[in-house]
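The structure under discussion appears below in the form of structure tokens.
The values are calculated or read from the model by the stated rules, or taken from the named source; none is laboratory data. Everything numeric here is computed off the predicted structure, so don't read it as measured data. With ideal geometry, Cβ positions are generated from the backbone for all residues, glycine too; neighbour counts draw on all protein chains shown. When the accessible area is computed, the model is the full protein with side chains, heavy atoms only, and any ligands, DNA or RNA have been set aside. Shrake-Rupley method; radii C 1.70, N 1.55, O 1.52, S 1.80 Å.
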Amino acid sequence: MFKKILLSLLVLLLASGAYLQFGNLPQPLSADTEGSRWLEKGIYDVSYFDVELVDDTRPTQKNGEYLGSNERQLQTRIWYPEDLLGAAPLLIYSHGFMSSRTGGSYLAEHFASHGYIVAAMDYPLTTMGAPGGPLVKDVVSQPGDVSFLIDQFVSWNADSGNQFYERIDDRHIGVMGLSLGGMTSTLATFHPRSADLRISAAVSIAGPVFMFGPAFYDSRDVPFMMIASPIDAMIDYQTNAATILPNVKGAVVVTMNNASHTGFASPGRYLRWFENPDSLGCGMLTRGLEKTSDENWASELGESEEGILLSPQTALCTTDPLPPTMNPVRQQWLTTLAVFPFFESQFALSELRRQEARDYLFSTFSSEIPEVSVARAIK
């Protein structure tokens with residue numbers, strides 16, 4: 001009898017696992033579309049490993065009961081293509097508030113299969129398990145973490161004993177991130193005083209930019225893409241994404257109708273039974289921001305002369321009721337279809353491939369996908 005109960009429980013667990021993995025999936029893109037080909041896995045098998053890196057030149061601030069530290073510990077995951085023969089473009093992914101280094105794993109795995117090296121860190125105080133609880137204003141320190149990680153790869157590239165020896169194409173270094181990680185990527189790319197000049201392309205996925213005026217972007221001319229949804233419950237479209245085309249020369253804005261904020265992150269795929277995954281995401285975000293809700297820390301980003309605006313944050317998660325959104329799995333496909341051609345249009349080795357990427361991104365993408373529109377700023 002006991003064995004039968006155990007067997008029944010095992011069958012139930014296996015069935016539940018299969019349903020979580022394969023249940024409620026959207027219809028695949030038609031095989032005869034360009035989009036389906038851009039979603040195909042690349043020629044490389046992908047491996048990854050985790051490593052703890054420590055920047056002992058910069059401190060971690062005090063946070064509640066956490067007393068701080070004179071260094072920054074960065075748990076890092078690195079995805080890479082196996083049997084790569086030459087140098088590869090490097091991408092740094094930055095996670096959102098209360099997320100982790102695996103938040104963009106669907107993007108990392110896709111890029112690595114196409115010959116990119118991708119790395120992501122758990123930021124010391126904005127990750128879910130941060131000591132003292134997640135602290136949003138530590139985003140001010142995160143562009144420095146990005147530069148530190150680029151430094152590591154550049155040093156490994158010159159070290160004949162390292163697996164990445166002569167495997168990093170330091171002419172092609174890009175950054176991408178979601179939400180607060182999108183803001184991190186934007187700061188690391190454009191900040192008039194502290195931008196990392198090695199970054200040559202950047203993507204913000206639903207990242208806040210309401211505190212950046214036109215002067216913030218003027219000192220650098222870097223290919224930049226913003227992906228955003230008009231019904232994002234957490235990051236207001238009008239005061240963030242809608243400011244990009246007027247402010248950033250040559251920028252690209254991909255507007256993804258019916259997308260949720262939460263659906264952009266890898267774990268969002270497990271919320272595909274929700275009518276709107278932001279119903280869960282908003283509850284977590286609101287609790288995470290409680291301890292700093294009365295703080296205005298925008299001045300810590302820089303001076304008004306550097307294009308930093310002391311504008312108040314638009315109220316978060318006020319939409320009630322939340323509208324229905326697309327399946328997060330489809331949303332992540334569409335995000336890949338924006339981000340991958342964007343970087344290929346900048347980093348691919350051949351001009352033919354770069355042109356194919358531009359043609360798909362600026363012409364075919366929106367014609368095949370009804371939820372998407374693509375707009376470019378004038379240079």
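Going through G86, G115, G103 one at a time, which residue ends up being part of a loop (DSSP other than H, G, I, E, B), of a type outside the set (S, T, N, Q) and touching a helix residue (DSSP H, G or I) at 6+ places or on another chain (Cβ under 9 Å)? Talk me through it step by step, then tell me what you get.
On the way: G86 fails: touching a helix residue (DSSP H, G or I) at 6+ places or on another chain (Cβ under 9 Å); G115 fails: touching a helix residue (DSSP H, G or I) at 6+ places or on another chain (Cβ under 9 Å).
Every option except G103 fails the conditions.
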Next item on the list: Among the residues of the range 35-62, write down those that are within 19 Å of P143 (Cα to Cα), buried (at least 19 other Cβ atoms within 10 Å of the Cβ) and of a type outside the set (V, I, T).
Entry: D55
Checklist line | Leading residue by the ranking (farthest from F97 (Cα to Cα)) among those in the range 165-183 that are without any contact (Cβ under 8 Å) to a residue 60 or more places away in the chain and in contact with a strand residue (DSSP E or B) (Cβ under 8 Å, 6 or more places away or on another chain) | finding: R171
Notebook entry, point to check: C317 versus (1) open to solvent by 70 Å² or more (accessible area, probe 1.4 Å); (2) assigned to a loop (DSSP other than H, G, I, E, B); (3) in contact (Cβ under 8 Å) with a residue 24 or more places away in the chain: which is the lone unmet condition?
Noted result: (1)
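Sort out which residues of the range 350-364 are hydrophobic (A, V, I, L, M, F, W, C) and open to solvent by 50 Å² or more (accessible area, probe 1.4 Å), and write them in order of number.
If the condition is that a residue be hydrophobic (A, V, I, L, M, F, W, C) and open to solvent by 50 Å² or more (accessible area, probe 1.4 Å), then L352, F362 are the ones that fit.
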Check: Out of G96, G115, G68, G129, which single residue is at pLDDT below 95 and out of contact with any His (no Cβ under 8 Å at 6 or more places or on another chain)?
Finding: G129
Check: Condition test on S99, is it under 13 Å from the mean Cα position of the chain (by Cα) and either of a type in the set (G, A, S) or within 17 Å of T60 (Cα to Cα) (or both)?
Finding: yes
Next item on the list: Filter the range 294-309 down to the residues that are part of a loop (DSSP other than H, G, I, E, B) and surrounded by fewer than 18 Cβ atoms within 10 Å (Cβ to Cβ), then identify the one that is modelled with the lowest pLDDT.
Entry: D294
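Quick one: which of I231, I199 is among the β-branched types (V, I, T), open to solvent by 40 Å² or more (accessible area, probe 1.4 Å) and either farther than 23 Å from N257 by Cα or modelled with pLDDT of 95 or more (or both)?
On the way: I199 fails: open to solvent by 40 Å² or more (accessible area, probe 1.4 Å).
Checking each option against the conditions leaves just I231.
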Next item on the list: Sort out which residues of the range 347-368 are assigned to a helix (DSSP H, G or I) and touching a helix residue (DSSP H, G or I) at 6+ places or on another chain (Cβ under 7 Å), and write them in order of number.
Entry: R353, R354, A357, R358, Y360, L361, T364, F365, E368
Notebook entry, point to check: Residue check, P312 against (1) modelled with pLDDT under 90; (2) assigned to a helix (DSSP H, G or I); (3) open to solvent by 70 Å² or more (accessible area, probe 1.4 Å), all met but one. Which one?
Noted result: (2)
Next item on the list: Within the range 79-91, track down each residue that is closer than 25 Å to V329 by Cβ and either at pLDDT below 95 or aliphatic (A, V, I, L, M) (or both).
Entry: L91
Margin query: If G268 meets every condition in (1) touching a residue at least 60 places away in the same chain (Cβ under 8 Å); (2) open to solvent by less than 10 Å² (accessible area, probe 1.4 Å); (3) under 23 Å from G133 (Cβ atoms); (4) touching a strand residue (DSSP E or B) at 6+ places or on another chain (Cβ under 7 Å) apart from one, which number is that one?
Written below: (4)
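Taking the range 63-82 as the search range and keeping residues that are assigned to a loop (DSSP other than H, G, I, E, B), of a type outside the set (G, A, S) and out of contact with any Ser or Thr (no Cβ under 9 Å at 6 or more places or on another chain), which one is surrounded by the fewest Cβ atoms within 10 Å (Cβ to Cβ)? Walk me through how you get there before you give the answer.
Within the range 63-82, the first condition is being assigned to a loop (DSSP other than H, G, I, E, B), and the residues that meet it are 64-65, 67-68, 70-71, 82.
If we keep only those that are of a type outside the set (G, A, S) too, we end up with 65, 67, 70-71, 82.
Restricting the remaining residues to those that are out of contact with any Ser or Thr (no Cβ under 9 Å at 6 or more places or on another chain) gives 65, 67.
On the way: E65: 8, L67: 10.
Only one residue fits best here, namely E65.
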Margin query: Would you confirm whether or not the range 286-308 contains a residue that is of a type in the set (S, T, Y) and within 21 Å of the chain's Cα centre (by Cα)?
Written below: yes
Next item on the list: Determine which single condition T189 fails, assuming it passes every other condition in (1) in contact (Cβ under 8 Å) with a residue 40 or more places away in the chain; (2) touching a Lys or Arg at 6+ places or on another chain (Cβ under 8 Å); (3) of a type outside the set (G, A, S); (4) over 18 Å from Q73 (Cβ atoms).
Entry: (1)
Check: Can you find even one residue in the range 131-151 that is open to solvent by 40 Å² or more (accessible area, probe 1.4 Å) and free of Cβ contacts under 8 Å to residues at least 24 places away in the same chain?
Finding: yes
Next item on the list: Scan the range 277-284 and give yes if some residue there is in a loop (DSSP other than H, G, I, E, B), in contact with a helix residue (DSSP H, G or I) (Cβ under 7 Å, 6 or more places away or on another chain) and open to solvent by less than 70 Å² (accessible area, probe 1.4 Å), otherwise no.
Entry: yes
